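Participant: Below are the structure tokens for one structure; questions will follow.
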Amino acid sequence: MRKIIVQEFITLDGVMQAPGAPEEDMSGDFKYGGWTAPYFREADDAAGEFMQEWMRSTDILLGRKTFDIFAAYWPAHADMWPGINDVTKYVMSSTLTENKADWPNVVFLQTVEEIKKL
């Protein structure tokens, strides 16, 4: 059985929404997007090396909302996250069944049972 390893960006007070950019996810009138950006800019080289190692043999499990954000961004910025376009992206969604973003290697799942089969 494969392990699911969670990688989250979370503040000490529990915020996980929109770490990458101010306009990344403004749902619920969230005004504080982009809160990780200043820290990643300071460590871009090290972050790139870390992400390349992390992505070496990793598939990704995303929810629909994160998939929408990632698929709009990462295909054109893969140099910042080496390997992101090559790994399999499993997307858990009850509403999406096709890859309209044309991001390579995407598989849609609709039930927890499908995740268990992986």
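The values are calculated or read from the model by the stated rules, or taken from the named source; none is laboratory data. Here the structure is a predicted model, which is why all the values come from computation and not from measurement. Positions of Cβ are generated from backbone atoms using ideal geometry, with glycine treated the same way; all protein chains shown enter the neighbour counts. Protein only, heavy atoms only, side chains kept; ligands, DNA and RNA dropped before computing areas. Shrake-Rupley method; radii C 1.70, N 1.55, O 1.52, S 1.80 Å.
Participant: Tell me, what HN-Hα J-couplings in whole Hz come from the Karplus equation 6.51 cos²θ - 1.76 cosθ + 1.60 at θ = phi - 60° for each residue of the stretch 63-75, using x for Gly and Pro?
Facilitator: Each residue's phi maps through the Karplus curve to give x, 4, 5, 5, 4, 4, 5, 5, 5, 7, 10, 5, x Hz.
Participant: I need to check one value: relative contact order of the chain, counting alpha carbon pairs closer than 8 Å and at least 6 residues apart, in percent.
Facilitator: Normalised by residue count, the contact order of the chain is 18 percent.
Participant: Additional query: Per-residue counts of other Cβ atoms within 10 Å, averaged by peptide: what ranking do you get for 89-100, 25-36, 2-13, 59-70, highest first?
Facilitator: Those peptides, ordered most packed to least, come out 59-70, 89-100, 25-36, 2-13.
Participant: For the chain, what does the accessible surface come to per residue with a 1.4 Å probe? Please give it in Å².
Facilitator: With all protein chains present, the chain gives 72 Å² per residue.
Participant: Kindly express, to the nearest 10 degrees and within the range 0 to 90, the angle between helix 44-55's C-alpha long axis and the longest C-alpha principal axis of the chain.
Facilitator: 10 degrees
Participant: Would you list which aspartates and glutamates come within 19 Å of Lys3, measuring only between C-alpha atoms, while excluding same-chain residues fewer than 8 positions from it?
Facilitator: Glu53, Asp59, Glu113, Glu114
Participant: How large is ³J(HN,Hα), in whole Hz, for each residue of the stretch 10-16 in order, when computed from phi with the Karplus curve 6.51 cos²θ - 1.76 cosθ + 1.60 and θ = phi - 60°, using x for Gly and Pro?
Facilitator: Per residue, the Karplus-derived 3J(HN,Hα) values read 9, 7, 4, 9, x, 7, 10 Hz.
Participant: If each Cα of the chain is one equal point scatterer, what is log10 of I(q)/I(0) from the Debye formula at q = 0.23 Å⁻¹?
Facilitator: For the chain, the Cα-only Debye profile gives -1.55.
Participant: Which residues does the label zone of Gln7 cover in the stretch 68-101, counting backbone N under 19 Å from a point 7 Å along Cα→Cβ?
Facilitator: The answer is 68-92, whose backbone nitrogens lie closer than 19 Å to the label point.
Participant: Further, regarding this structure: Could you check how much of the accessible area of the chain is carbon and sulfur, as a whole percent, using a 1.4 Å probe?
Facilitator: Of all accessible area on the chain, carbon and sulfur atoms account for 54 percent.
Participant: Can you tell me the alpha carbon radius of gyration of the stretch 52-118 divided by the globular rule-of-thumb value 2.2 N^0.38 Å?
Facilitator: Working it through for the stretch 52-118, the quotient is 1.08.
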